[in-house]
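Asker: Have a look at the structure that comes next, please.
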Amino acid sequence: MTRGIRELWSSGDEDASERLVSAVAEDDLLGALLAIEGAPEPVRAHVAGEVEAMAARVSERLAAGETPREALSAVIAVDRGVVGDEEDYYHPLNSHLGAVLERGRGLPILVSSLWVLVGRRAGVAVDGVALPGHFVVQVGDEVADPFAGGVALSHEDCQRIVRTFGPERPWDPAWLEPTSVDVIAERVLRNLLNAFHRRDDRPALYRTTRLLAQLAREDAAVQLQLAQLTEEFGAYELAARLYQTVAATFDGRREAQIAAIRAVELASRSRTIN
């Protein structure tokens, strides 16, 4: 491995990390998604402008008598052409809001988040709904699937979706409750981890894990993975400190045991080299 941590984690990445944490704390979905993407200011401004423009068109359709779901579907799915990506589902760009707008396709959670952003800006009550395996939205008193262009979903449809991803899983009404920004941000980051694992893109995996570690501080597996990736890229002193933190924070957990062993081995390695 030839790339160092400084090369993998730039000042821009540090800024994105700070913006992500701040956006989550402020319940700012747009800010969180753009921080995950690492979007520069011109892109952030462009995306915000797109959301405003679509919201204005939704408002016009609402005034003309369309239901909120009909208006959002017409503006986002039909006019703007943003739907789910069924051809290259696991492409990393499907988890970047700016890219989703540019390419017209994305993962369920990103297309649904766009509906939330546009709908709320137009004064519509829209919430993300994190069904197991498939993210949808609650628009007023209707559930809709933005990935499929905004088709309405009945209660039975939602249950069928859950059964598709877990046949033995009993239905839980809590799955239809609104999803908070922190949960959305973590889910998007985990989707990116999956995409980068599939591509064996280690640098991108490091950046995404480091962002996720800022939000999932109680997740021992994520914290351990960050330490392991840091070691993989040759930043042994930093990796040792991260391992020590994992060992101390999650005492008694398997991850803590692994971390404690690696911390000792890295300390031994350092003494040998010196």
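The values are calculated or read from the model by the stated rules, or taken from the named source; none is laboratory data. Computed from a predicted model, the values in this text were never measured in an experiment. Note that we place each Cβ from the backbone using ideal geometry, even for glycine, and neighbour counts take in every protein chain shown.
Asker: So in segment 3-31, with the set limited to residues that are in a helix (DSSP H, G or I) and in contact with a Ser or Thr (Cβ under 8 Å, 6 or more places away or on another chain), which one is surrounded by the fewest Cβ atoms within 10 Å (Cβ to Cβ)?
Answerer: We begin by selecting, within segment 3-31, every residue in a helix (DSSP H, G or I); these are 5-8, 11-25, 29-31.
From what's left, in contact with a Ser or Thr (Cβ under 8 Å, 6 or more places away or on another chain): 5, 29, 31.
Values: Ile5: 15, Leu29: 22, Gly31: 19.
Selected residue: Ile5.
Asker: Would you tally the residues in segment 173-218 being out of contact with any strand residue (DSSP E or B) (no Cβ under 8 Å at 6 or more places or on another chain), surrounded by fewer than 16 Cβ atoms within 10 Å (Cβ to Cβ) and in a loop (DSSP other than H, G, I, E, B)?
Answerer: Of the residues in segment 173-218, 5 are out of contact with any strand residue (DSSP E or B) (no Cβ under 8 Å at 6 or more places or on another chain), surrounded by fewer than 16 Cβ atoms within 10 Å (Cβ to Cβ) and in a loop (DSSP other than H, G, I, E, B).
Asker: How many residues are closer than 12 Å to Pro108 by Cα and either crowded, with 24+ Cβ neighbours inside 10 Å or under 14 Å from the mean Cα position of the chain (by Cα) (or both) if we restrict to segment 130-144?
Answerer: So the count comes out to 7.
Asker: Which members of segment 153-172 meet the condition of being part of a helix (DSSP H, G or I) and either more than 23 Å from the chain's Cα centre (by Cα) or farther than 30 Å from Ala23 by Cβ (or both)?
Answerer: His155, Glu156, Asp157, Gln159, Arg160, Arg163, Thr164
Asker: Taking the stated definitions as given, is Arg160 within 19 Å of Pro68 (Cβ to Cβ), out of contact with any Lys or Arg (no Cβ under 7 Å at 6 or more places or on another chain), in the same structural domain as Thr67 (by TED's automatic domain parsing) and basic (Lys, Arg)?
Answerer: So Arg160 does not fit the description; no.
Asker: Does Arg163 count as farther than 25 Å from Ala35 by Cα and of a type in the set (Lys, Arg)?
Answerer: Here the answer is yes, as Arg163 does meet what is asked.
Asker: Would you pick out the residues in segment 228-263 that are without any contact (Cβ under 8 Å) to a residue 60 or more places away in the chain, β-branched (Val, Ile, Thr) and in contact with a Leu (Cβ under 8 Å, 6 or more places away or on another chain)? Reasoning before the result, please.
Answerer: Taking segment 228-263 as the starting set, the residues that turn out to be without any contact (Cβ under 8 Å) to a residue 60 or more places away in the chain are 228-229, 231, 236-237, 239-263.
If we keep only those that are β-branched (Val, Ile, Thr) too, we end up with 245-246, 249, 258, 261.
Hits for segment 228-263 are Val246, Ile258.
Asker: Out of Val129, Val78, Val118, Val124, I need the residue that is free of Cβ contacts under 8 Å to residues at least 60 places away in the same chain and of a type in the set (Val, Ile, Thr). Which one?
Answerer: Of the residues listed, the single one that is free of Cβ contacts under 8 Å to residues at least 60 places away in the same chain and of a type in the set (Val, Ile, Thr) is Val129.
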